[in-house]
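K.L.:
Would you mind keeping the following structure in view while I ask a few things?
Just so it is clear, none of the values below were taken in a lab; they were calculated from the coordinates. Since the model is a prediction, treat every value here as computed from it, not as a measurement. Positions of Cβ are backbone-derived with ideal geometry, glycine not excepted, and every protein chain shown enters the neighbour counts.
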Amino acid sequence: MPNTAINSSAAGSITSLTDTSFSGARGASTGTVSTSAQQANAVRFLKASGRGGATYSITRYFIRFDTSGISTNVTAATITIKSFSTSFMAPSTTVMKSTGFTNNGALTGTDFATVNFSTAYSGTHATWQQNGSNNTITLNSTARTDIQNNSTFIVAIVTTDFDLANEDTEFEDLDIKAGIEHGSSDIHLDVTHDDASGYSHPVIGVASANISTVKGVATANIAEVIGRS
């Protein structure tokens, strides 16, 4: 089975506008976009106490992949994400489905609300690596199906215990975050999938099912023979 590595085509974070309630921050309709290559606060839950009470903000990280080249059955898939900076407390994270990048393929503030919280693409990634180490996250069967069937695969990385769980913290102050670095291949999708079906027509009267190669080339790698596909 071939393995195809796909670098992300776009990525960035969106931070909700500061709100005086947890539900207001989590349910915000828009936020502030950052597409910087190095982000110490790429995925974040922030609760800060103040004279007038607590304030909240939530940051989600969005990634887009071009999966138009994958058309056969996907048997395994992982996302590798390079970390950036160091946090005293890093959150557990989960990969979720998203319909972001709605501004002609670019990330916009209103994409903050495009996370599908009913569709997880992974289990909990409990330990976020730091200082340039890689986080490799195994994707589930729902993600594999979407990679196979869709030309674009879009995900959001969120905190598991707060954003996904829809739960506030009992502490008066909490700042928990994961850093992400996004260079040319710092974020990539690795997909294991079946071979392409290959050329499906008879060759000189021989059925394609009985042909494994043509002049040493496997039929799975042949798009046409003498101009016929």
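K.L.:
Obtain the nm distance between the two label points defined at Asn3 and Asn166 by a simple spin-label model: each point lies 7 Å from its Cα along the Cα-to-C-beta direction.
P.N.:
3.8
K.L.:
What ³J(HN,Hα) values, in whole Hz, does the Karplus curve 6.51 cos²θ - 1.76 cosθ + 1.60 give for segment 80-85 when θ = phi - 60°, with x put for Gly and Pro?
P.N.:
Once rounded to whole Hz, the list reads 10, 10, 7, 7, 9, 6.
K.L.:
Local charge sum around Val74 (other residues, Cβ-Cβ under 13 Å, Lys/Arg +1, Asp/Glu -1)? Walk me through the numbers before you get to the answer.
P.N.:
Details: positive: Arg144; negative: Asp146, Asp190, Asp194, Asp195.
Spelling it out: positives minus negatives among the neighbours equals -3.
K.L.:
How large is ³J(HN,Hα), in whole Hz, for each residue of segment 19-34 in order, when computed from phi with the Karplus curve 6.51 cos²θ - 1.76 cosθ + 1.60 and θ = phi - 60°, using x for Gly and Pro?
P.N.:
Values per residue, Gly and Pro as x: 10, 7, 9, 4, 5, x, 5, 5, x, 4, 8, 7, x, 9, 8, 9 Hz.
K.L.:
If we count every other residue with Cβ under 15 angstrom of Asn149's Cβ, Lys/Arg +1 and Asp/Glu -1, where does the sum land?
P.N.:
Spelling it out: positives minus negatives among the neighbours equals -1.
K.L.:
Give me the net charge of Gly24's neighbourhood, meaning all other residues with Cβ under 13 Å from the Cβ of Gly24; Lys, Arg count +1, Asp, Glu -1.
P.N.:
0
K.L.:
How far is it, in nm, from the label point at Ser141 to the one at Ser118 when both lie 7 Å from their Cα along the line to the Cβ?
P.N.:
The answer from the label model is 1.9 nm.
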